[in-house]
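Shown next, in structure tokens, is the structure this report addresses.
Just so you know, all these numbers are worked out from the coordinates, no wet-lab data involved. Given the structure is predicted, the values throughout are model-derived calculations rather than measurements. Neighbour counts run over all protein chains shown; Cβ positions are idealised from the backbone, glycine included.
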Amino acid sequence: MPNIPKYASTTLILVVGMLLSGVCNTILNKYQDMQCVENCNDPDPKKRVYFEQPIWQTLNMFVGEFAVWTVYLYQLYEKKYYKGDPVPPSAVNQLDAGAVIDDVDEDIQKAELTPLSGYKSFLFWIPTLCDLTATTVMNVGLILTSASVYQMLRGAVVIFTGVFSFLFLNRRLRPYEWFSLVMVVFGVAIVGLSSVLFPQNSPHTQEANEFDYSSLLGVALVLGAQLFTASQFVIEEKIMLHYKVTPLKAVGLEGTFGLVSILASMPILHIVLSKKYPSFDMIQGYHDFFDHPAVWQTGIAISLSIAFFNWFGLSITSTVSATARSTIDACRTLFIWMVSIYLGWEKFSWIQVVGFIVMVTGTFYFNGVLRWPFVKEGDEDERRPLLSNE
């Protein structure tokens, strides 16, 4: 039996971890959205009020990222006080040690990078703001559309990540890669149209409209949010190309900056938007969250899943590429959709199946998981960042 390279086995662990934590995160978020917080005994489901607080869910996400500091500080403690003694490696330490690219030149390049410290740490505030904006907008979009369509539309991030990598990371995209991105666009369009033209029944209502305008707005919001998500991925990779930073520290920094940003913006959003949009009512959101055990208990589970998901995601970015990370994130949609159908939250739709297959096929071709018959193996090796570290 052939030996599996250390890098390959580590990458497999990172991919599985990202998929598992990502599935749990979305399923738990959907479960939290389905919790009734007012008029729960009313026989008319239209009069029931469900947990719809996107800004609080974004805050919950950054709490999970901030919690990663505990693991990071524990690692620093181990290094400082157990320098000379052999310490049994933890799973986290094993992943950090193995999360290197199996290439001599890139190993040397990584070793020569300047550690990210001091005021330079504030560079991570930029992708944090992208993450904050994308998450809040997507949470609003999730209220207006179904969970399966929401997840499938998030696959559009590979389009923007690919284009941004070409523009800002100097990655060369060949004609077949552009064609792959067109396939993704086509798949996303099918999924989006299926949501608008053939809307499924919402768990909050009993009837579905022939043309769902709210779903159209939800589709637009989720797609628009992918611009910010792709920007986050590419900026993170750009930072990691120039500075040495562990994935745990990166997640902790984003969690810290995210908490500060979201806590500062909540009162502003409350004053500006709460009268017209109750979802941004800070006081109502507080009661909806803490007065209902199912909501805050799910929130704790979401924070844990977010902590692991973001760490795995940043590890994937530092060892492979931003586009690979976005592709794995898109692929988890299949598992989320299967669980949602099994739980009865969604109905099976052949139109969505076709759109999803086209979208995933395009992402697989773009990232080399599938290979076009006219593409030589040597051509794919050239798909490396062309940026220097100067």
Item to complete: Once you've got the Cα coordinates, tell me which of K120/K244; K30/K249; K30/K238 are over 21 Å apart.
Response: K30/K249; K30/K238
Discussion item. Run the numbers for E112 and L334: contour at 0.36 nm per residue of separation, minus the present Cα-Cα distance, in nm.
Written reply: 75.9 nm
Worksheet item: Extension gain F179-Y74, at 0.36 nm per residue separation less the Cα-Cα distance, in nm?
Response: 33.1 nm
Discussion item. With N set to the number of residues, divide the alpha-carbon radius of gyration of the range 226-277 by 2.2 N^0.38 Å and report two decimals.
Written reply: 1.52
Item to complete: Starting from the Cα of L241, step 7 Å along the direction of its Cβ; do the same at I268; then give the gap between the two resulting points in nm.
Response: 3.0
Practice prompt. Stick to the Cα atoms of the range 260-309, pair each with every other, and give me the Kirkwood hydrodynamic radius in Å at one decimal.
Written response: 12.1
Worksheet item: Got a sec? Which residues in the range 331-352 would a label at T361 touch, if it sits 7 Å along Cα→Cβ and we count backbone N under 16 Å?
Response: 350-352
Discussion item. Just to be sure I understand: if I project the alpha-carbon convex hull of the range 7-77 onto a plane and average over all orientations, what area do I get in nm²?
Written reply: 7.2
Worksheet entry | Packing-based exposure ordering (other Cβ within 10 Å, fewest first) of L167, L132 | L167, L132
Worksheet item: Between V49 and K276, what is the label-to-label distance in nm when each label sits 7 Å out along the Cα-to-Cβ direction?
Response: 2.1
